[in-house]
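What follows is a short report on a single structure.
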Amino acid sequence: MNANPELAEFITKRIGHGWEKDLTKLKELEKFADDDASLDELIQIKRHNKEALVEFLKHKQNEFLDPDSIFDVQVKRLHEYKRQLLNVLHIMYLYNKIIEDPSYNAPNRTFIFGAKSASGYRRAKSIIKLINTVAERVNNDRRIGGKLRVVFIENYRVSVAEKIFPAADVSEQISTAGKEASGTSNMKFMVNGALTMGTLDGANIEIFEEAGKDNGFVFGLTTPEILKMEEEHSYNPQQYLERNPALNKVVEQLVDGTYDPTRQIFKEIHDSLVYGVEGQRPDVYYVLADFDKYVKAQEQVAKAYLDKKGWARKALINIANSGKFSSDRTIEDYVRDIWHLKKVVVEDSEIKNA
Ligand SMILES: *Cc1c(COP(=O)(O)O)cnc(C)c1O
């Protein structure tokens, strides 16, 4: 209600009040999934929220985004298991593709990052450096002609999050399955009508269950598949590099001078993927193993976005099915199943007198 007042009004206009205190009521929105006027209005609301984020970033960090592009967002702590690196490698891949492939024809895309890393977490800081370096290159290459833009939003925090979530088209939740890395941002995106691009990990699984897999983009190795590879020591990242020249190219571009003339800054990231560093196995988080599947899922995003109404329909179904992710529901579950508490009912009048 506070961060996305237009959407709140859209909901109330259709299903009345009540959903604010009982989020499961959002389900009633589903009957508008095929209502043209509702979908048009939802498209307009998203557009307004994107314009607001564009305005904000213009003033805040002199960044000019195209509100007609797909806003593809990954905001969360910077951590290797959350795989911001997979996202950047895909951007580097798209950049190569746009330059090399004259038949490339997909909706314009803006990749938005926001994150923090602990001061002692060197690898995370290298990844932030990589995102900013790729942004600098891509955003200043005239051959790209607006097809691709990358922005790292400074100082990610709740007040900024309130502007980002309502403006997002795609919610990036691409952690390694089994790391239980998805927290709550996937839910914040969902209730604001962004479609989830995600692995079968943590609460992503419930989101895909609630909204239906067809209303999001599922990809990647599953937890049992990863556990099996770990048990059998059967993961060999080299195989993926040999089989996929486009992937091999972006990984080599980390150290061949394309992005960094000293060839040193991203060497540690490169070596961690290809050889393993500091006694670790190579590519601990299966970035290379999931790369091809991620590229294919991202191609589905581009395709789906061409159908504006179809996209809005998916967004509406996501919103309608996000009721489960209310913190009230979570706490009710704890009260019943874990704490076994007897409820104390507090009347409204008692609250007013308190
Ligand atoms: C939701 C939120 C987080 C947590 O993000 P996850 O993707 O759930 O880990 C962190 N910081 C801010 C500002 C948030 O709003």
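Given (1) at positive phi; (2) touching a helix residue (DSSP H, G or I) at 6+ places or on another chain (Cβ under 7 Å), where does Tyr240 come up short, assuming only one miss? Here Tyr240 clears every test but (1). Figure legend. Inter-residue proximity from region 226-252: first residues of a type in the set (Phe, Trp, Tyr), second residues open to solvent by 60 Å² or more (accessible area, probe 1.4 Å), beta-carbon distance below 9 Å, spacing 6+ or different chains. Indicated pairs: Tyr235/Arg281; Tyr240/Asp292. Out of Glu230, Glu242, Glu299, one residue alone is outside any loop (DSSP other than H, G, I, E, B), more than 17 Å from the chain's Cα centre (by Cα), at pLDDT 95 or above and among the charged types (D, E, K, R). It is Glu242. The numbered conditions (1) open to solvent by less than 60 Å² (accessible area, probe 1.4 Å); (2) in a loop (DSSP other than H, G, I, E, B) are all true for Ser159 except (2). Let me confirm something: among Asn87, Asn96, which residue is out of contact with any Pro (no Cβ under 9 Å at 6 or more places or on another chain), closer than 21 Å to Lys249 by Cα, within 16 Å of the ligand (Cβ to nearest atom) and in contact (Cβ under 8 Å) with a residue 24 or more places away in the chain? None of the other options fit; the residue is Asn87.
Does Arg281 count as surrounded by fewer than 15 Cβ atoms within 10 Å (Cβ to Cβ), charged (D, E, K, R) and in contact (Cβ under 8 Å) with a residue 12 or more places away in the chain? Taking the combined requirement at face value, the residue satisfies it. Annotation note: of Asn215, Asn186, Asn192, the sole residue that is within 16 Å of the ligand (Cβ to nearest atom) and touching a Leu at 6+ places or on another chain (Cβ under 8 Å) is Asn192. Here region 169-180 is the region considered, the condition is being within 12 Å of the ligand (Cβ to nearest atom) and either open to solvent by less than 10 Å² (accessible area, probe 1.4 Å) or closer than 16 Å to Ile112 by Cα (or both), and the residue that is nearest to the chain's Cα centre (by Cα) is Glu172. From the list Lys147, Lys97, Lys129, pick out the single residue that is more than 18 Å from the chain's Cα centre (by Cα) and buried (at least 18 other Cβ atoms within 10 Å of the Cβ). So the residue among Lys147, Lys97, Lys129 that is more than 18 Å from the chain's Cα centre (by Cα) and buried (at least 18 other Cβ atoms within 10 Å of the Cβ) is Lys147.
The values are calculated or read from the model by the stated rules, or taken from the named source; none is laboratory data. Note that this is a predicted model, so its numbers are computed, not measured. A quick note on method: Cβ atoms are made from the backbone with ideal geometry, for glycine too, and the neighbour counts reach across all protein chains shown. These area figures cover heavy atoms from the full protein model, side chains too; ligands, DNA and RNA do not enter into them. Shrake-Rupley method; radii C 1.70, N 1.55, O 1.52, S 1.80 Å.
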